[in-house]
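J.: Quick one: the structure is below, questions incoming.
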Amino acid sequence: MRALLLEQQDDQTLARVKDINSDQLPDGDVTVDVNWSSINYKDALAITGKGKIVRNFPMVPGIDFAGTVRQSRDDRFKEGQSVVLTGWGVGENHWGGLAEQARVSGEWLVPLPNGLDERKAMILGTAGFTAMLCVMALEEGGVHPDDGDILVTGASGGVGSTAVAILAALGYHVTAISGRESNTDYLKALGAKEVLSRDGYLEAPRPLEKQLWAGAVDTVGDTMLARVLAQMNYNGTVAACGLAGGYHLPTTVMPFILRNVRLQGVDSVHTPLHRRQTAWERLAGILPDSFYQQATQEITLEQAPATAAALLDNKVTGRTLVKIR
Ligand code: NDP
């Protein structure tokens, strides 16, 4: 079987496509023929070695995949069934999806819901799943479409693009923030009503600013998130899932204690099974077919290392789908 293998040499991470024996796959009760994987921000950090994502080498990266069950010792999964996997440390400390086969615990797999095929599931991937969790966090915070505008930061990225599309499809008025003016038309086609420049959000905010947003999905962190918090409407909710701009949060308590603002963290790696299924079922029904054409580029396994580097250089828009077979 072919796999993208990460190895370490002189403290450098080397990423090469190699032929490996499937006997080398890690323990697990379900073996999956992987048909599609994708390149997420975390994959890019792992493949380039620019983030301390992988600690044990050799490692097959790929934090998500969709494929067909090849063998199963778990009663819930039958040979030939389509499944999707995101998170659980797969592609970080357990061999992942950038390979023709993966062997994993049945606990980590979600059967594909009606309305999604394997390719669509990986156009969504971890990014789309996380975007859905963020939208669910806004809903649980009580944010309704008629409450006001919703802001999405890092909007051209995988999570951001999908969040824009989901929110627009649900009837929210979406404003996107992007560092790339060239992506304005793309973001409007996905459903953003306005696109703001990132520049205005990189300076430290005052503790409270003019109230602009009923809800926000933040994929960037740091000063951007601090500024978003300072601009939230009374009773607004921010779903924070990312650190594309940094992991600090230079804010004050003012938005929380004077405007009743809620900051909800979102983790996709250890989301419990029931919530995972809910998120995938909702994803299957919300997005128009046009989303799957607009928001993706398709690459081969061999192209994954170059795409990972480009993603960290902020040169990739939307989602990158990896065709494994
Ligand atoms: P992408 O690289 O696809 O998107 C990130 C986007 O953020 C870019 O496209 C860019 O959008 C913007 N951006 C990049 N660098 C900066 C910067 N220095 N300052 C401000 N904005 C910047 O990544 P993903 O969409 O895959 O992931 C986004 C974030 O969410 C990552 O930090 C990732 O680790 C995190 N994440 C977290 C998950 C969780 O479970 N909590 C799951 C999945 C992702 P633009 O050019 O439009 O400004």
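J.: For every other residue with a beta carbon closer than 15 angstrom to the beta carbon of LEU263, add +1 if it is Lys or Arg and -1 if Asp or Glu, then tell me the sum.
T.: Numbers: positive: ARG227, ARG259, ARG262; negative: GLU140, ASP218, ASP222, ASP267.
Net local charge, LEU263 excluded: -1.
J.: To continue, here is another question. Compare PRO305, PRO26, PRO113 in a GNM of the chain, Cα atoms joined below 10 Å, and give the one with the largest fluctuation.
T.: Of the options given, PRO26 has the highest mean-square fluctuation.
J.: Continuing with the same structure: Tell me, in nm to one decimal, what length is gained between GLU140 and ASN260 on full extension, where the rule is 0.36 nm per residue of separation less the Cα-Cα distance?
T.: Numbers: separation 120, 0.36 × 120 = 43.20 nm, distance 1.48 nm.
Full-extension gain reported as 41.7 nm.
J.: Round to the nearest 0.05 the FRET efficiency obtained for THR300 and GLN211 when R0 = 30 Å and r is the Cβ-Cβ distance.
T.: Working: r = 48 Å, r/R0 = 1.58.
Efficiency computed from Cβ-Cβ geometry: 0.05.
J.: Follow-up question, since we're still on this one. Below 8 Å, C-alpha to C-alpha, sequence gap of six or more: please give me the relative contact order for the chain in percent.
T.: Rounded, it is 20 percent for the chain.
J.: Ok, one more. Fewest to most neighbouring Cβ within 10 Å: what's the order for LEU167, LEU273?
T.: Values: LEU167 28, LEU273 11.
Fewest to most other Cβ atoms nearby, the residues stand as LEU273, LEU167.
J.: Quick check: the distance between the Cα centres of segment 249-266 and segment 109-159, to the nearest angstrom?
T.: Going from one Cα centre to the other spans 22 Å.
J.: How far apart, in nm, are the 7 Å Cα→Cβ label points at VAL17 and ARG55?
T.: Placing both labels 7 Å beyond Cα along the Cβ direction yields 3.2 nm.
J.: Here is a follow-up. For a quick check of your reading of the filter: which trypsin sites (Lys or Arg not before Pro) in segment 74-133 sit in a DSSP loop and have no more than 15 other Cβ atoms within 10 Å? All intermediate terms of the calculation are to be shown ahead of the outcome.
T.: Numbers: sites: ARG76, LYS78, ARG103, ARG119, LYS120; in loops: ARG76, LYS78.
Filter output for segment 74-133: ARG76, LYS78.
J.: Distance in nm between label sites at GLU203 and GLN277, each 7 Å beyond Cα in the beta-carbon direction?
T.: So the two model labels end up 5.1 nm from each other.
J.: Kindly write out, for segment 281-295 in residue order, the coupling ³J(HN,Hα) from the Karplus curve 6.51 cos²θ - 1.76 cosθ + 1.60 (θ = phi - 60°), rounded to whole Hz, with x marking Gly and Pro.
T.: Running phi through 6.51 cos²θ - 1.76 cosθ + 1.60 with θ = phi - 60° gives 5, 5, 4, 4, x, 8, 7, x, 4, 4, 4, 5, 7, 6, 9 Hz.
J.: Continuing with the same structure: Restrict the search to segment 204-265; then list the trypsin sites (Lys or Arg not before Pro) that DSSP places in a loop and that have at most 14 other Cβ atoms within 10 Å of their Cβ. Before the final figure, lay out each step's value.
T.: Values: sites: LYS210, ARG227, ARG259, ARG262; in loops: LYS210.
Within segment 204-265, the qualifying trypsin sites (Lys or Arg not before Pro) (loop, at most 14 other Cβ atoms within 10 Å) are LYS210.
J.: Rg (Å, one decimal) plus Dmax (Å, integer) for the alpha carbons of the chain?
T.: Here Rg and the maximum Cα pair distance are 19.5, 60 Å.
J.: Mind telling me which of VAL143, VAL253, VAL266 comes out most flexible in a GNM of the chain, alpha-carbon contacts under 10 Å?
T.: VAL253
J.: Would you tally the net charge around SER105, using a Cβ to Cβ cut-off of less than 12 Å, leaving SER105 out, and scoring K and R as +1, D and E as -1? List each step's numbers first, then the result.
T.: Working: positive: ARG73, ARG76, ARG103; negative: ASP27, ASP29, ASP74, GLU107.
Result for the neighbourhood of SER105: -1.
J.: Separate question: Return the tail of the calculated pair distribution for segment 125-265, meaning the percent of Cα-Cα pairs more than 25 Å apart. Don't skip to the end; give the middle numbers.
T.: Working: 1467 of 9870 pairs.
In whole percent, the share of Cα-Cα pairs in segment 125-265 beyond 25 Å is 15.
J.: Compare ASP29, ASP218, ASP199 in a GNM of the chain, Cα atoms joined below 10 Å, and give the one with the largest fluctuation.
T.: The residue that fluctuates most here is ASP199.
J.: Please figure out what share of the DSSP beta bridges in the chain is antiparallel and state it in percent, rounded to the nearest 5. Could the numbers behind the result be given before it?
T.: Values: 32 of 57 bridges.
About 55 percent, rounded to the nearest 5.
J.: Once you have a ≥ b ≥ c as the square roots of the Cα gyration tensor eigenvalues for segment 26-108, tell me rounded if a/c is under 1.5, and otherwise prolate or oblate according to whether a/b is larger than b/c.
T.: On the way: a/c = 2.50, a/b = 1.91, b/c = 1.31.
Prolate, because a/c is 1.5 or more and a/b exceeds b/c.
J.: Translational diffusion coefficient, Stokes-Einstein: compute it for segment 1-145 using the Kirkwood radius over C-alpha pairs as Rh, at 10 °C and 1.306 mPa s, and state it as an integer in µm² s⁻¹.
T.: 101
J.: Tell me the mean residue ellipticity at 222 nm calculated for the chain from its helices only (DSSP H runs of n ≥ 4, each -39500 (n - 2.57), averaged over every residue, nearest 500). Write out the running numbers ahead of the final one.
T.: Numbers: 9 runs with 94 residues, N = 325.
For the chain, the value works out to -8500 deg cm²/dmol.
J.: Looking at segment 1-160, send over the antiparallel percent of its DSSP beta bridges, to the nearest 5.
T.: Values: 28 of 29 bridges.
Bridges in segment 1-160 that DSSP calls antiparallel: roughly 95 percent.
Any read-out appearing in this document is the output of simple, stated calculations on the displayed coordinates, not a laboratory observation. Only a predicted model underlies this, so the values are computations on that prediction, with no experimental measurement involved. When we count neighbours, we look across all protein chains shown, and the Cβ atoms used for this are built from the backbone with ideal geometry, even at glycine.
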